[in-house]
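Read the figures in this text as sums done on the coordinates, not as results from a lab. These numbers come from a predicted model, not from an experiment. Cβ sites come from the backbone with ideal geometry, for glycine too, and all protein chains shown count toward neighbours.
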């Protein structure tokens, strides 16, 4: 009898998550309603896929964040981050709550003006401000956050011929223990570049230095780096006061607060690890109040948080197109939501649930979008029940960036509806049609 041939053992990787000592829950919930409106009704009326935004959640999250800071510090001002979601209806909800506008381009600046925001309530950030943009911002008395020396020189030249005195701050990058350090924006604190810029501004006597600004990164999972950032801004403010007898009117801590989404590669769910607004507020306000700043002349605290305010308010609803088995035997499902509509799927493991309660039996499943591209992966692996073609799915917490970073690619971009506080639905951006593109395209006459 011949000896059997040796076969190497195979280790199968667990793709959809690693069990902890408590075991792994396989029951998948469902989201049949959004603000008491059936998901099936929304899709029937407005088509699939569909973005839905809850005004109730927007206002609730804003008020929670504002209370967390204003209950700890006497002078707080929020500025809505337009790049996070610049749909007019969304922006107007935040403005109605008292939020200013924070913009990073001439396009966003013009949207803020058209949305009725007064010029002195617009903060103009970003490295790409044209001379025309800056002149407009100066005339409107907006707060201009200088990003680099070339922009500073351009502003000094504009000031020579402007009737209005430019109101400026500088953006400062610094080491707060976050890796990687965001050093491509603004002036560096540690190497003295920020202090140099402040000296140039104040010695020129052409610009009105009103604030100091930093934005240390994105999806920051701890309040501690904000405490470090705040202390470094305060250090500069105290040095400016000592040398020039000039008081800084506001400290702008930017944004970067995390939402409850789960980053790719994270062991624990974002719902379990996301800091609260109070955690961030304690870190920032305690640092200011315990500093050497004059308690009778404290600076206003400005916050530009976007993601943490709007993510929870947004949903994308879709439909199963097909099921198939992959070559390795794993199940896959194709839905009509692609990465062109869910750009954040590149860095989040988004939750996804059926629109109706389904079986408790789940299987390791790859979820793909409809695009003819191999990278169109919504979830590479998720424990999911079996859904049939035509059944509906819901992906929550997608309100940030997906409606500004989306792409028209292969498929039209769909309707976006806002559900108001009374439960009524409003289309706030119409789905695209062929006419959308014909309106912008021009063919040379010789092509017929």
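Please report how far the C-alpha centroid of region 103-139 lies from that of region 346-419, rounded to the nearest whole angstrom.
Distance between centres, Cα-based: 35 Å.
At a Förster radius of 35 Å, what calculated FRET efficiency corresponds to the Cβ-Cβ distance of residue 446 and residue 322, to the nearest 0.05? Don't skip to the answer; put the middle values down first.
Numbers: r = 43 Å, r/R0 = 1.22.
About 0.25, to the nearest 0.05.
What number results when the radius of gyration of region 265-347, computed over Cα atoms, is divided by 2.2 N^0.38 Å? Please report the intermediate quantities before stating the final value.
On the way: Rg = 21.7 Å, N = 83, 2.2 N^0.38 = 11.8 Å.
My calculation over the Cα atoms of region 265-347 gives 1.84.
Go ahead and collect, in residue order, the members of region 177-211 whose backbone nitrogen is under 19 Å from a label point 7 Å along the Cα-Cβ direction of residue 149.
Those under the cut-off are 183-207.
Hey, can you rank 131-144, 424-437, 86-99 by average C-beta count inside 10 Å, highest first? It would help to have the intermediate numbers written out before the result.
On the way: 131-144: 19.9, 424-437: 12.9, 86-99: 18.4.
Ranking, from highest mean packing down: 131-144, 86-99, 424-437.
Using packing as a proxy for protection, rank 71-80, 182-191 so that the peptide with the highest average count of other Cβ atoms within 10 Å comes first. Let's see the in-between values first.
Values: 71-80: 18.9, 182-191: 16.6.
Ranking, from highest mean packing down: 71-80, 182-191.
For region 401-448, just the Cα atoms, rotate onto the principal axes and tell me the three extents in Å, largest first.
Result, largest extent first: 55, 20, 14 Å.
Using a Gaussian network model of the chain with C-alpha springs under 10 Å, which one of 388, 36, 118 is most mobile by mean-square fluctuation?
36
Binning at 5 angstrom from zero up to the longest distance, how are the C-alpha pair distances of region 66-125 distributed in percent?
P(r) for region 66-125, in whole percents per bin: 4, 20, 32, 21, 13, 8, 3.
Before rounding to the nearest 500, sum -39500 (n - 2.57) across all DSSP H runs of length at least 4 in the chain and divide by the residue total; then give [θ] at 222 nm in deg cm²/dmol. Intermediate values should be presented prior to the final figure.
Working: 12 runs with 123 residues, N = 448.
When only DSSP H runs of four or more count, the value is -8000 deg cm²/dmol.
Rounded to the nearest 5, what % of DSSP beta bridges with both residues in the chain are antiparallel?
Numbers: 30 of 67 bridges.
Roughly 45 percent of the DSSP beta bridges within the chain come out antiparallel.
Using the number of other C-beta atoms within 10 angstrom as an exposure proxy, rank 111, 389, 56 with the fewest first.
On the way: 111 18, 389 11, 56 14.
Least to most surrounded, the residues fall as 389, 56, 111.
If you take all C-alpha pairs in region 19-172, what percent of them are over 26 Å apart? Let's see the in-between values first.
Details: 5464 of 11781 pairs.
Counting every Cα pair in region 19-172, those more than 26 Å apart make up 46 percent.
Do me a favour and compute the ellipsoid semi-axes for region 55-309 from its Cα gyration tensor, root of five times each eigenvalue, largest one first, whole Å.
Values: eigenvalues 153, 99, 58 Å².
So the three semi-axes of region 55-309 are 28, 22, 17 Å.
Quick check for you: which residues of region 113-145 have the amide N under 13 Å from the point 7 Å beyond the Cα of residue 163 toward its beta carbon?
The answer is 139-141, whose backbone nitrogens lie closer than 13 Å to the label point.
Given a Förster distance of 56 angstrom, what is the FRET efficiency for residue 205 paired with residue 346, based on the Cβ-Cβ distance and rounded to 0.05? Let's see the in-between values first.
Numbers: r = 47 Å, r/R0 = 0.84.
FRET efficiency, residue 205 to residue 346: 0.75.
Which whole-angstrom value gives the distance between the alpha carbon centres of region 145-175 and region 188-219?
Region 145-175 and region 188-219 have Cα centres separated by 10 Å.
Hull surface divided by four, with the convex hull built on the Cα atoms of region 275-432: how many nm²?
On the way: hull surface 55.2 nm².
Mean projected area for region 275-432: 13.8 nm², to one decimal.
State the Cα centre-to-centre distance between region 63-82 and region 220-251 in whole Å.
18
Report the Cα-based extents of the chain along its three principal axes, largest first, to the nearest Å.
Largest first, the chain extends 92, 66, 50 Å along its Cα principal axes.
Which residue fluctuates most in the GNM of the chain (Cα springs below 10 Å): 423, 223, 338?
For the chain, modelled as a Gaussian network with Cα springs under 10 Å, the answer is 423.
Please compute the length gained on full extension between residue 260 and residue 110, using 0.36 nm multiplied by the number of residues separating them and subtracting their Cα-Cα distance.
Numbers: separation 150, 0.36 × 150 = 54.00 nm, distance 3.14 nm.
Full-extension gain reported as 50.9 nm.
Once you have the Cα-Cα distance between residue 364 and residue 219, take 0.36 nm times their residue separation minus that, and quote the gain in nm to one decimal.
Values: separation 145, 0.36 × 145 = 52.20 nm, distance 2.79 nm.
In short, 49.4 nm is gained.
Taking the mean number of other Cβ atoms within 10 Å as a proxy for protection, how do you rank 366-376, 323-333 from highest to lowest? Provide the component values of the computation, followed by the final result.
On the way: 366-376: 17.1, 323-333: 11.6.
Those peptides, ordered most packed to least, come out 366-376, 323-333.
Say we join alpha carbon atoms closer than 10 Å with springs in a Gaussian network model of the chain; which of 51, 109, 348 then has the biggest fluctuation?
So, out of 51, 109, 348, the one fluctuating most is 348.
For residue 41 and residue 388, FRET efficiency with R0 = 22 Å and r from the beta-carbon atoms, rounded to 0.05?
On the way: r = 20 Å, r/R0 = 0.89.
Step by step, r from the Cβ atoms, then E = 0.65.
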